[in-house]
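Peer 1: Got a structure for you, written out below as structure tokens; questions coming shortly.
The values are calculated or read from the model by the stated rules, or taken from the named source; none is laboratory data. These numbers come from a predicted model, not from an experiment. Here the Cβ positions follow ideal geometry from the backbone for every residue, glycine too, while neighbour counts run over all protein chains shown.
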Amino acid sequence: MKIPFLNFGATHHPMKNEMMNAFEKVYDSNWFVLGEQVSAFESNYAAFNQVKHAVAVSNGLDALHIALKTLNIGPGDEVIVPSNTFIATVLAVSYVGASPIFVEPNIQTYNIDPSKIEAVITSKTKAIMPVHLYGQACEMDAIMQIAEKYNLTVIEDNAQAQGATYNNKITGSFGHINGTSFYPGKNLGALGDAGGITTNEPTLFEKAKVLSNYGTRVKYVNDEIGFNMRMDECQAAFLNVKLNYLPTWIAQRQEIANWYNHHLSNINELILPNVAENATHTYHLYVVRTEKRDALMNYLSEHEIGTLIHYPIPPHLQKAYSNLGLSKGDLPIAEEIADTCLSLPIWPGMQEEHVVHIANTIKQFFQV
């Protein structure tokens, strides 16, 4: 049985007519930038994310970049980020001229460990940027308490966890201003690059909106040095359709993860996902860990089962960040995760027979 790592067919095929109708509506309107579809999506996504405001932008990295600019974070400032994350989190900090300060994750959940944050706070620290990695909500209550104690702002990187919750509050609604991604492979994915910003603070919303559109409030009148970081009408139209399906897709991902947990439970050499108390997981990725990761990945590939590594090189060991002076061994938990993690196929439309086949193949590898 051939099982790809990701398969859009099961989600895209049933809604094809709706998506084509959405495209036709944009096409026939002859309005392709900052029109009614973008306005509608901003309202719809804000409602889904239980916040007052949302800004539709060009991609997730731009969302984080604008969020930092909106908070006036720049050269000389420090932003606390997890050592275990996709590089975009760190790039956004670099874009504004600030310095990323890495904090190790909890080895059980892979998210930033709140108990390690206070140790790195200095007079230069301006913000904490937690990442809800793989789809699991960070322990946000503790993070927000630390931020309040030290008068810091919080910017959630919610690119992988739309719809996840901590203590029944949805991710992307805790921070002062937050960024998310609608890259096609995300749980809520556009048909190209797209991203979004969420906030409950009107002044931050207004500034983020202005910064994303050349720094203008009135056309040809530039109040800020802004950017061209707008979501286009087509992507907004597609996302307006897909947003209606997101709760169902999340439920399907959670069911698939439960199947994996059941069928892989008796493999001692395989570490399965662990969900923190009071957190929910939307399983953008189903990540396992093993010391035999590379051999297992190759074995699954030989049996036509797709996998990926998220992420093989931690940010502090990337050549782009050699200027930070960090070496292998400096952030051992992030490095251990990078060396042992493997993402198994998970996508809405997968059936339990797919999971059983993958699990049986893994058991064959481990000779269980």
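Peer 1: Only one of 48, 102, 41, 86 is under 23 Å from residue 168 (Cα atoms) and either in the same structural domain as residue 202 (by TED's automatic domain parsing) or modelled with pLDDT of 95 or more (or both). Can you tell me which? Lay out the reasoning, then the answer.
Peer 2: Working: 102 fails: under 23 Å from residue 168 (Cα atoms); 41 fails: under 23 Å from residue 168 (Cα atoms); 86 fails: under 23 Å from residue 168 (Cα atoms).
Sole residue among the options that is under 23 Å from residue 168 (Cα atoms) and either in the same structural domain as residue 202 (by TED's automatic domain parsing) or modelled with pLDDT of 95 or more (or both): 48.
Peer 1: Does residue 187 qualify as being assigned by TED's automatic domain parsing to the domain that holds residue 346, of a type outside the set (D, E, K, R) and either modelled with pLDDT of 95 or more or not in a strand (DSSP E or B) (or both)? First the steps, then the outcome.
Peer 2: Values: assigned by TED's automatic domain parsing to the domain that holds residue 346: no; of a type outside the set (D, E, K, R): yes; either modelled with pLDDT of 95 or more or not in a strand (DSSP E or B) (or both): yes.
No, not satisfied.
Peer 1: Suppose we keep only residues that are under 23 Å from residue 189 (Cα atoms) and in contact with a Phe, Trp or Tyr (Cβ under 7 Å, 6 or more places away or on another chain) within region 296-309. Which one would you say is surrounded by the most Cβ atoms within 10 Å (Cβ to Cβ)?
Peer 2: Among residues in region 296-309 that are under 23 Å from residue 189 (Cα atoms) and in contact with a Phe, Trp or Tyr (Cβ under 7 Å, 6 or more places away or on another chain), the one surrounded by the most Cβ atoms within 10 Å (Cβ to Cβ) is 307.
Peer 1: Restricting the first residue to region 24-36 and requiring it to be under 11 Å from residue 237 (Cα atoms), which pairs with a second residue that is of a type in the set (Val, Ile, Thr) meet a Cβ separation below 7 Å and a spacing of at least six or different chains?
Peer 2: Going by the 7 Å Cβ cut-off, the qualifying pairs are 32/26.
Peer 1: Okay, moving on. One residue is enough: does region 343-353 have a residue meeting the conditions of a type in the set (S, T, N, Q) and over 22 Å from residue 274 (Cβ atoms)? Step through it out loud before you land on a result.
Peer 2: The initial filter retains those residues of region 343-353 that are of a type in the set (S, T, N, Q), namely 343, 351.
Applying the additional criterion that residues be over 22 Å from residue 274 (Cβ atoms) yields 351.
Checked against the condition, which is being of a type in the set (S, T, N, Q) and over 22 Å from residue 274 (Cβ atoms), region 343-353 yields at least one hit.
Peer 1: Then there's this: Residues being under 24 Å from the mean Cα position of the chain (by Cα) and hydrophobic (A, V, I, L, M, F, W, C): count how many of those fall in region 20-53. Explain how you work it out, then say what you get.
Peer 2: Initial filter on region 20-53 (under 24 Å from the mean Cα position of the chain (by Cα)): 37-53.
Among the residues that remain, those that are also hydrophobic (A, V, I, L, M, F, W, C) are: 38, 40-41, 46-48, 51.
Adding up the residues that qualify gives 7.
Peer 1: While we're here: Using the structure shown, decide if residue 157 is modelled with pLDDT of 95 or more, among the charged types (D, E, K, R) and either surrounded by fewer than 23 Cβ atoms within 10 Å (Cβ to Cβ) or within 16 Å of residue 314 (Cα to Cα) (or both). Full working, then the answer.
Peer 2: Values: modelled with pLDDT of 95 or more: yes; among the charged types (D, E, K, R): yes; either surrounded by fewer than 23 Cβ atoms within 10 Å (Cβ to Cβ) or within 16 Å of residue 314 (Cα to Cα) (or both): no.
Taking the combined requirement at face value, the residue does not satisfy it.
Peer 1: Among the residues of region 322-344, write down those that are over 18 Å from residue 131 (Cβ atoms) and either within 24 Å of the chain's Cα centre (by Cα) or assigned to a strand (DSSP E or B) (or both).
Peer 2: Answer for region 322-344, where residues must be over 18 Å from residue 131 (Cβ atoms) and either within 24 Å of the chain's Cα centre (by Cα) or assigned to a strand (DSSP E or B) (or both): 332, 339, 340, 342, 344.
Peer 1: Can you name every residue in region 192-238 that is among the aliphatic types (A, V, I, L, M) and without any contact (Cβ under 8 Å) to a residue 60 or more places away in the chain?
Peer 2: Matches in region 192-238: 210, 218, 221, 225.
Peer 1: Can you pull out every residue in region 322-364 that is under 12 Å from residue 288 (Cβ atoms) and either out of contact with any helix residue (DSSP H, G or I) (no Cβ under 6 Å at 6 or more places or on another chain) or crowded, with 20+ Cβ neighbours inside 10 Å (or both)?
Peer 2: To start, the set of residues in region 322-364 that are under 12 Å from residue 288 (Cβ atoms) comprises 337, 340-346, 358-359, 362.
Passing the criteria: 337, 341, 342, 343, 344, 345, 346, 358, 359, 362.
Peer 1: Regarding residue 205, is this residue in a helix (DSSP H, G or I), within 26 Å of residue 72 (Cα to Cα) and either in contact with a Cys (Cβ under 6 Å, 6 or more places away or on another chain) or of a type in the set (Phe, Trp, Tyr) (or both)? Please lay out each step first, then the result.
Peer 2: Values: in a helix (DSSP H, G or I): yes; within 26 Å of residue 72 (Cα to Cα): yes; either in contact with a Cys (Cβ under 6 Å, 6 or more places away or on another chain) or of a type in the set (Phe, Trp, Tyr) (or both): yes.
When the stated conditions are applied, residue 205 passes them.
Peer 1: Looking at region 222-245, which of the residues that are assigned to a strand (DSSP E or B) and not charged (D, E, K, R) is surrounded by the fewest Cβ atoms within 10 Å (Cβ to Cβ)?
Peer 2: Here is the first cut: in region 222-245, the residues assigned to a strand (DSSP E or B) are 222, 228, 230, 232.
Imposing the further condition that a residue be not charged (D, E, K, R) reduces the set to 222, 228.
Details: 222: 13, 228: 10.
Filtering first and then ranking leaves 228.
Peer 1: Here's another thing I want to ask about it. If the Cβ limit is 7 Å and pairs must be 6+ apart or interchain, which residue in region 71-84 that is under 24 Å from residue 206 (Cα atoms) pairs with which residue that is surrounded by fewer than 24 Cβ atoms within 10 Å (Cβ to Cβ) and hydroxyl-bearing (Ser, Thr, Tyr)?
Peer 2: 71/153
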